[in-house]
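Take a look at the structure below.
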Amino acid sequence: QVQLVESGGGLVQPGGSLRLSCTASGNFFSHYAMAWYRQAPGKQREVVGSISDGGGSVNYVDSVKGRFTISRDNAKNTVYLQMNSLKPEDTAVYYCNAGYYLRTNYTPYNYWGQGTQVTVSS
């Protein structure tokens with residue numbers, strides 16, 4: 001069983017930055033690939049990006065490439081999402097997830113955090 005807790009959300013102006021954190025309880029964090037998802041009002045949850053268990057492979061959705069960076073610290077059981085050059089369309093609830101890679105495709109387990117709100121507005 002893995003429990004995930006996100007933090008770091010808030011209100012930021014367009015062009016600003018935020019860093020989200022997701023800390024996992026339980027054992028074997030380093031055995032899981034991890035991902036960040038987001039869900040905007042009235043829209044389906046979408047994957048933002050994912051990182052392999054060792055951190056050597058990271059993937060992003062096209063809309064955040066060059067602006068967002070996912071990293072992890074297995075010693076701290078934590079995965080991060082650094083968000084720069086934020087846009088109003090980045091406004092959403094952001095969730096972290098534990099999963100695995102099936103070949104090159106990230107596949108989520110049913111381990112989700114409670115989410116953290118990110119609002120980009122002037």
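Observations on the structure shown:
- The lone exception for SER52 - which of (1) within 16 Å of PRO108 (Cα to Cα); (2) in contact (Cβ under 8 Å) with a residue 12 or more places away in the chain; (3) open to solvent by 60 Å² or more (accessible area, probe 1.4 Å) it fails: (3)
- LEU81 vs. criteria over 14 Å from the mean Cα position of the chain (by Cα) and either under 16 Å from TYR60 (Cα atoms) or polar (S, T, N, Q) (or both): no
- Checked against (1) surrounded by 16 or more Cβ atoms within 10 Å (Cβ to Cβ); (2) assigned to a strand (DSSP E or B), LEU11 passes all but a single condition, namely (1).
- Of all residues in the stretch 80-122 being aliphatic (A, V, I, L, M) and touching an Asp or Glu at 6+ places or on another chain (Cβ under 8 Å), the one that is surrounded by the fewest Cβ atoms within 10 Å (Cβ to Cβ): VAL120
- Test: residue in the stretch 5-18 that is among the acidic types (Asp, Glu), within 22 Å of TYR100 (Cα to Cα) and in contact (Cβ under 8 Å) with a residue 24 or more places away in the chain: yes
- Checked against the criterion of being within 18 Å of TRP112 (Cα to Cα), modelled with pLDDT under 95 and not hydrophobic (A, V, I, L, M, F, W, C), the candidates GLN44, GLN3, GLN39 yield just one match: GLN3.
The values are calculated or read from the model by the stated rules, or taken from the named source; none is laboratory data. Just so you know, these numbers come straight off a predicted model, no measurement behind them. Note that each Cβ is placed from the backbone with ideal geometry, even for glycine, and that neighbours are counted across all protein chains shown. With ligands, DNA and RNA removed, areas are computed over all heavy atoms of the protein, side chains included. Shrake-Rupley method; radii C 1.70, N 1.55, O 1.52, S 1.80 Å.
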